[in-house]
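Colleague: Could you have a look at this structure, given as structure tokens, before my questions?
The values are calculated or read from the model by the stated rules, or taken from the named source; none is laboratory data. Computed from a predicted structure; not experimentally measured. Glycine also receives a Cβ, built like all others from the backbone with ideal geometry; neighbour counts cover every protein chain displayed. Areas reflect the complete protein model, heavy atoms only, side chains present, ligands, DNA and RNA absent. Shrake-Rupley method; radii C 1.70, N 1.55, O 1.52, S 1.80 Å.
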Amino acid sequence: MNQLFRLPLPQTTWRFFWPVLAGALALRFLLAQTNFDYIHPDQTFQYLEPAYRLVHGYGLVTWEWAFGIRSWFVPFGIAGVIRLADWIGVPHEPLVELAFSLISLAIPVGIYRLAQALLPERQAIWAYLVGCFWIYFLHAAATPMPSMLASAPLIWVAVLMLRPPTRQRLLLIGALAAVTLAIRYQLLPVVGLLMLFSLIALRWQAVWIAAGGLAVLTVVGLVDLFTWGVPFWSFVENFRLNMLAGLSERFGVHPQWFYLWKALQETGGVFIAMLLGLALMGRNGWPIWVAVAVGIAFFHIPAHKEIRFLTWAMPFGAIGFAHLAARLLDRVRDVRPLAMAVACFMPFWVVATGLVYLPFHLRLFGMQHEGIDATEVMRFLSTERDATAVLTLAPEFGWWRTGGYYTLARPLPVYFAYHGLTLETAGPAISHVVTDGDEGPARREQDAYVRDLSRGLDDVLDCGTAIGDCPFC
């Protein structure tokens, strides 16, 4: 505990800090424009789609929102950005991606400041480069995926815990800890341990941490009270259904070694090297690493596991990776020029390890499937002003791959293959049909899957009034 709240502020900043950070932002935003950032349907239908529905009044409602196990805390913020985009007259998707890309920069900056407090400056720079350019940080930067989003306030809790305890810093620690829990309540073991260590180190001064946390938690509770009718209802119901009732097991049951296998498969072993580097740091920041280790252990308890659930630990792992690399390089003193050259290219190698799994990952969970890029189809349909209703005949064109009305950005009824409709039974209300590309000529070069039936265009129908209920309303 002797390091907590005792280390002085860093006196130096790397001279290339700001240019590298600007490059990291540009790369995050650029990759977001290519569907590179698509991780899982949850990023759309748990956060982006509800926010769009809040602003425009229509959108898909998944079972999580029907059961009330999601907080509106994050969607409210996204809705504000969407409203701003509408007000200034720009497309909302790029503005939302830019907002999340800017928020994501708190992660590499936090990595650098935390590493500066615990490691030599050279290692802090390496950790900063990994934080700016590693594939997982780039992959999730422009998205509202909670594990990565929550890591931004979490790592700054750790940074501030090493600084002298002024009242403002203690209030900010409590506020950031509460924000972390509001985004990802499953990080309670990590945040709880950090707060316990703070209480032991500060004693009565910890009341300011409690005050900052209480202020934010009050807002979070009021959000649930306003939206669900009961304070903290979404968190209680989420825990009850997923952990006690075992609802999450319906999405897969995985063995205890699942995370080890996925870390080897999807990161080329880099994530394991990150954790090994943390273990080798000894007493440097040990309360923080203990909290991270306990948090990872707790994520092994649920039967349903996904590697994205552990991305919150990767910013801390970047520091361990830099420390491990430095220890290895220090052992090759006879070839120090070569070692330094390898160190300079280390971030690019780390990116390359992620590119090995990315194409498979996009096809497994993303929108690129069987030749159909569903988001591009939806964006194409958003420009077809004469469209009245759309029927999809391609079985692989599921609603979870489309990006929802957040991507379509207009109240156009869309019917999917599982509705059992055909062109004969649908009738003249359908103006456009999505096929697998084998039927009919392409409407435009960028999309060979949408056909304009050129009929029923005079019978313009409101969303939800054609052929039963629209599945998105």
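Let's see how each residue does on (1) out of contact with any Ser or Thr (no Cβ under 6 Å at 6 or more places or on another chain); (2) modelled with pLDDT of 90 or more; (3) surrounded by fewer than 17 Cβ atoms within 10 Å (Cβ to Cβ); (4) not in a helix (DSSP H, G or I):
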{"site": "GLN3", "(1), (2), (3), (4)": "yes, no, no, yes"}
{"site": "LEU7", "(1), (2), (3), (4)": "yes, no, yes, yes"}
{"site": "PRO19", "(1), (2), (3), (4)": "yes, yes, yes, no"}
{"site": "LEU31", "(1), (2), (3), (4)": "yes, no, no, no"}
{"site": "TYR38", "(1), (2), (3), (4)": "yes, no, no, yes"}
{"site": "ASP42", "(1), (2), (3), (4)": "yes, no, no, no"}
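Colleague: So which residues in segment 1-60 are free of Cβ contacts under 8 Å to residues at least 12 places away in the same chain, closer than 23 Å to ALA158 by Cα and hydroxyl-bearing (Ser, Thr, Tyr)?
Modeller: Of the residues in segment 1-60, the ones free of Cβ contacts under 8 Å to residues at least 12 places away in the same chain are 2, 11, 13, 15-16, 18-19, 22, 26, 30, 34, 57.
When the remaining residues are screened for being closer than 23 Å to ALA158 by Cα, the result is 2, 11, 13, 18.
Of everything in segment 1-60, just one residue is free of Cβ contacts under 8 Å to residues at least 12 places away in the same chain, closer than 23 Å to ALA158 by Cα and hydroxyl-bearing (Ser, Thr, Tyr), namely THR13.
Colleague: Another question, if that's okay. Hey, can you tell me all the residues within segment 48-78 that are in contact with a Pro (Cβ under 9 Å, 6 or more places away or on another chain) and not in a helix (DSSP H, G or I)?
Modeller: GLY57, TYR58, GLY59, LEU60, VAL61, THR62, ARG70, TRP72 - these are the residues of segment 48-78 that are in contact with a Pro (Cβ under 9 Å, 6 or more places away or on another chain) and not in a helix (DSSP H, G or I).
Colleague: OK, next. On the given criteria, is ARG83 basic (Lys, Arg) and within 20 Å of LEU324 (Cα to Cα)?
Modeller: Against the criterion (basic (Lys, Arg) and within 20 Å of LEU324 (Cα to Cα)), ARG83 does not qualify.
Colleague: Right, something else. Only residues that are surrounded by fewer than 21 Cβ atoms within 10 Å (Cβ to Cβ) and of a type outside the set (A, V, I, L, M): list them for segment 170-183, please.
Modeller: Result: no residue meets the conditions.
Colleague: To continue, here is another question. Looking at segment 232-269, which of the residues that are at pLDDT 85 or above and under 30 Å from ALA115 (Cα atoms) is surrounded by the fewest Cβ atoms within 10 Å (Cβ to Cβ)?
Modeller: For segment 232-269, the residue satisfying everything is TRP257.
Colleague: Within segment 383-405, count every residue that is in contact with a helix residue (DSSP H, G or I) (Cβ under 7 Å, 6 or more places away or on another chain) and within 19 Å of GLY57 (Cα to Cα).
Modeller: 4
Colleague: Could you please give the count of residues in segment 61-76 that are without any contact (Cβ under 8 Å) to a residue 24 or more places away in the chain and small (Gly, Ala, Ser)?
Modeller: Residues flagged as without any contact (Cβ under 8 Å) to a residue 24 or more places away in the chain and small (Gly, Ala, Ser) within segment 61-76 amount to 1.
Colleague: Still on this structure, please answer the following. Could you check PRO165 against (1) over 22 Å from ILE319 (Cα atoms); (2) buried (at least 21 other Cβ atoms within 10 Å of the Cβ) and say which number it fails?
Modeller: Condition (2) is where PRO165 drops out.
Colleague: Quick one: which residue in GLY110, GLY80 is modelled with pLDDT of 95 or more and touching a Phe, Trp or Tyr at 6+ places or on another chain (Cβ under 7 Å)?
Modeller: Every option except GLY110 fails the conditions.
Colleague: For the structure I just gave you, tell me whether ALA291 is part of a helix (DSSP H, G or I) and open to solvent by less than 30 Å² (accessible area, probe 1.4 Å).
Modeller: Numbers: part of a helix (DSSP H, G or I): yes; open to solvent by less than 30 Å² (accessible area, probe 1.4 Å): yes.
The answer is yes for ALA291.
Colleague: Answer yes or no as to whether ILE430 is of a type in the set (Val, Ile, Thr), over 28 Å from HIS40 (Cα atoms) and at pLDDT below 75.
Modeller: Numbers: of a type in the set (Val, Ile, Thr): yes; over 28 Å from HIS40 (Cα atoms): yes; at pLDDT below 75: no.
Here the answer is no, as ILE430 does not meet what is asked.
Colleague: Consider ILE69 against the criteria (1) in contact with an Asp or Glu (Cβ under 7 Å, 6 or more places away or on another chain); (2) surrounded by fewer than 17 Cβ atoms within 10 Å (Cβ to Cβ): it satisfies all of them except one. Which criterion is unmet?
Modeller: For ILE69, the exception is condition (2).
Colleague: Restricting segment 381-405 to residues that are of a type outside the set (A, V, I, L, M, F, W, C) and open to solvent by 10 Å² or more (accessible area, probe 1.4 Å), which is farthest from GLU93 (Cα to Cα)?
Modeller: PRO395
Colleague: Among the helices (runs of 4 or more DSSP H) lying completely within segment 79-142, list those that include at least 1 residues that are open to solvent by 20 Å² or more (accessible area, probe 1.4 Å) and more than 15 Å from PHE17 (Cβ to Cβ).
Modeller: Working: elements: 92-104, 106-118, 121-133, 135-140.
Those helices (runs of 4 or more DSSP H) span 92-104, 106-118.
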